[in-house]
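Written below as structure tokens is the structure these notes are about.
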Amino acid sequence: MDQVLGGIRVLDFGRFIAAPWCSAILGDMGADVIRVEKREGGEDRWVQPVAASGEGATFLQCNRNKKSVTLDSTTPEGLDVMRRLVATADVVIANMPDAAMKANGLDYEDLRAIKPDIILARATAFGSGGPYSDRVGFDGIGQVMSGGVYRSGLPGQPMRSVVPYVDFATAMNLAIGTMMALYHKRDTGRGQLVESGLLPNALVMTNAMIIDQALLNSNRTAVGNRGSAAGPCDLYRVEDGWLLMQVAGQPMFKRWCRMVGEEGWFADPRFANDDLRAANGDVLNDRMQAWCDGRTLAEVMAALDAARVPAAPLYSPQDVLEDPHVQAMGFLKPMDFPGTARPAPVIETPFRLSETPGTIRTRAPLLGEHTDQILGELGYDPAAIAGLRQRQIV
């Protein structure tokens, strides 16, 4: 099957999520992705290990459809290997500090000297050109500096999300930018530098909050699981679990009122619009909780579905694995990996194209699994490869 990025070669010097997930998406769409890492392996390979060889859960997700080459590119011989690799590539992806980029020969000007039409896709913490640009950062840095964590949790107890959504947003937008650069290169023959940063991507998520603050000086605070802009909205306990319900807009509010027997609230001035319903959310949420008391999850979900009110049960990771819709849609693809007790359920390409869908063709690679193959393609014979290994270059 022809794929959109067939024939495109990507060198992935990324670690953790922001760069590796970007290259994974490109790999799903057919690109030939080569992960280049240190001889001992990148730090992200060993986080939250799930395989006998030590590879971690996030690594299995973010590095499918890739080949692995080990390389010490800070040595003269290693730098020569790296230059030969770059000469074969269309895209280089990295998320290193400036000094590390330069030391590894990944500075944009250095890459252009090797291949003038190269595209460098770079994930940073804060973006280039500001007073924080030299700082390093992880997902949580973007979360706490975006205003989102301030509004999460409860007053006096802010709560960072355990889900690294800033990393993944950065990776997805870096992939979009890379595709735009490839489109431009196809038309003009010119490469370019593409950058996506943790903080600006976190600000994408909180921009409405920032606009609200700038224009209205609203000084909103954390409200736990309650809705901050509409209501009722909260997590509600039922006899056998929890569920989230979210009501927004007058038509949906009226449907909810009918369901809980509160038609008199149609004309109540406390609930005249979404903002007022959010401000009086305690009243609405208490009524919903009282309605849920004594009912099972299935009963409550059936009633909410009939009323066309958005709701969902609170799932554990095990519940996700067992959900019939997740199974029927094939969102999680079983992927064999050496040393795991069973196939790993790896998320499919997070968008679907009818004519050129993304595919998971190969598992995440073992450390250096394809080094000999790639070096052979670059013109190194077996004796030369053995010498590189002996000198600890690869």
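Quick one: count up the residues across segment 85-95 that are closer than 13 Å to V36 by Cα and in a loop (DSSP other than H, G, I, E, B).
The qualifying residues number 2.
Scan segment 289-304 for residues that are in a helix (DSSP H, G or I) and closer than 17 Å to D240 by Cβ and jot them down.
Result: Q289, W291, C292, L297, A298, E299, V300, M301, A302, A303, L304.
Being in contact with a Gly (Cβ under 8 Å, 6 or more places away or on another chain), among the charged types (D, E, K, R) and not assigned by TED's automatic domain parsing to the domain that holds G127 is true for just one of R220, R226. Which residue is that?
Answer to the check: R226.
Of the residues G231, G224, G191, only one is closer than 30 Å to L5 by Cβ and assigned to a loop (DSSP other than H, G, I, E, B); which?
Criteria check complete, one pass: G191.
Would you mind telling me which numbered condition in (1) more than 27 Å from Y165 (Cβ to Cβ); (2) touching a helix residue (DSSP H, G or I) at 6+ places or on another chain (Cβ under 9 Å); (3) surrounded by 14 or more Cβ atoms within 10 Å (Cβ to Cβ); (4) not assigned by TED's automatic domain parsing to the domain that holds D286 K185 fails?
Looking at each condition in turn, K185 falls short on (2).
Tally the residues that are out of contact with any Gly (no Cβ under 8 Å at 6 or more places or on another chain) and not in a loop (DSSP other than H, G, I, E, B), restricting the search to segment 69-79.
Qualifying residue count, segment 69-79: 3.
I'd like to know if segment 136-145 contains one or more residues that are more than 20 Å from the chain's Cα centre (by Cα) and in the same structural domain as A94 (by TED's automatic domain parsing).
To start, the set of residues in segment 136-145 that are more than 20 Å from the chain's Cα centre (by Cα) comprises none.
No, that holds for no residue.
Condition check: in contact with a helix residue (DSSP H, G or I) (Cβ under 6 Å, 6 or more places away or on another chain), in the same structural domain as N104 (by TED's automatic domain parsing), assigned to a strand (DSSP E or B) and under 21 Å from R361 (Cα atoms). Does V36 satisfy that?
Against the criterion (in contact with a helix residue (DSSP H, G or I) (Cβ under 6 Å, 6 or more places away or on another chain), in the same structural domain as N104 (by TED's automatic domain parsing), assigned to a strand (DSSP E or B) and under 21 Å from R361 (Cα atoms)), V36 does not qualify.
List pairs: first in segment 362-381 and in the same structural domain as I25 (by TED's automatic domain parsing), second among the acidic types (D, E), Cβ under 9 Å, 6+ apart or cross-chain?
Every condition considered, the pairs that remain are R363/D336; A364/E55; L366/E55; L367/E37; L367/E40; L367/E55; G368/E37; Y380/D372.
From the set of residues in segment 1-27 that are assigned to a loop (DSSP other than H, G, I, E, B) and among the charged types (D, E, K, R), which is surrounded by the fewest Cβ atoms within 10 Å (Cβ to Cβ)? If you could, list the steps in order and put the result at the bottom.
So the first thing to find is which residues in segment 1-27 are assigned to a loop (DSSP other than H, G, I, E, B), and the list is 1-8, 13-19.
So of that shortlist, the ones also among the charged types (D, E, K, R) come out as 2, 15.
Details: D2: 8, R15: 21.
The residue in question is D2.
Within segment 238-267, how many residues turn out to be among the aromatic types (F, W, Y), within 19 Å of R226 (Cβ to Cβ) and touching a Lys or Arg at 6+ places or on another chain (Cβ under 9 Å)?
2
Within segment 42-68, can you find the residues that are in contact (Cβ under 8 Å) with a residue 40 or more places away in the chain, in a loop (DSSP other than H, G, I, E, B) and either within 14 Å of the chain's Cα centre (by Cα) or at positive phi (or both)?
Passing the criteria: N63, N65.
Just give me the residues in segment 191-218 being in contact with a helix residue (DSSP H, G or I) (Cβ under 7 Å, 6 or more places away or on another chain) and polar (S, T, N, Q), in sequence order.
Q192, S196, N201, S218
Between A290, A303, A298, which is more than 23 Å from the chain's Cα centre (by Cα), surrounded by 15 or more Cβ atoms within 10 Å (Cβ to Cβ) and not assigned by TED's automatic domain parsing to the domain that holds G56?
A303
Among the residues of segment 35-83, which ones are of a type in the set (S, T, Y) and either farther than 25 Å from D167 by Cα or at pLDDT below 95 (or both)?
Selection gives S53, S73, T74, T75.
Restricting attention to segment 149-178, report how many residues are over 17 Å from the mean Cα position of the chain (by Cα) and either among the aliphatic types (A, V, I, L, M) or buried (at least 20 other Cβ atoms within 10 Å of the Cβ) (or both).
Taking segment 149-178 as the starting set, the residues that turn out to be over 17 Å from the mean Cα position of the chain (by Cα) are 149-159.
Those left that are additionally either among the aliphatic types (A, V, I, L, M) or buried (at least 20 other Cβ atoms within 10 Å of the Cβ) (or both): 149, 154, 159.
Total meeting the criteria: 3.
Any residue that is on the phi > 0 side of the Ramachandran plot and surrounded by fewer than 16 Cβ atoms within 10 Å (Cβ to Cβ) - is there at least one of those in segment 128-135?
Checking segment 128-135: at least one residue is on the phi > 0 side of the Ramachandran plot and surrounded by fewer than 16 Cβ atoms within 10 Å (Cβ to Cβ).
Which of the residues spanning segment 238-259 are in a strand (DSSP E or B) and either in contact with a helix residue (DSSP H, G or I) (Cβ under 7 Å, 6 or more places away or on another chain) or surrounded by 20 or more Cβ atoms within 10 Å (Cβ to Cβ) (or both)?
Hits for segment 238-259 are V238, G241, L243, M245.
The values are calculated or read from the model by the stated rules, or taken from the named source; none is laboratory data. All values derive from a computational prediction rather than experimental measurement. FYI the Cβ positions are ideal-geometry reconstructions off the backbone, even for glycines, and counts take in every protein chain you see.
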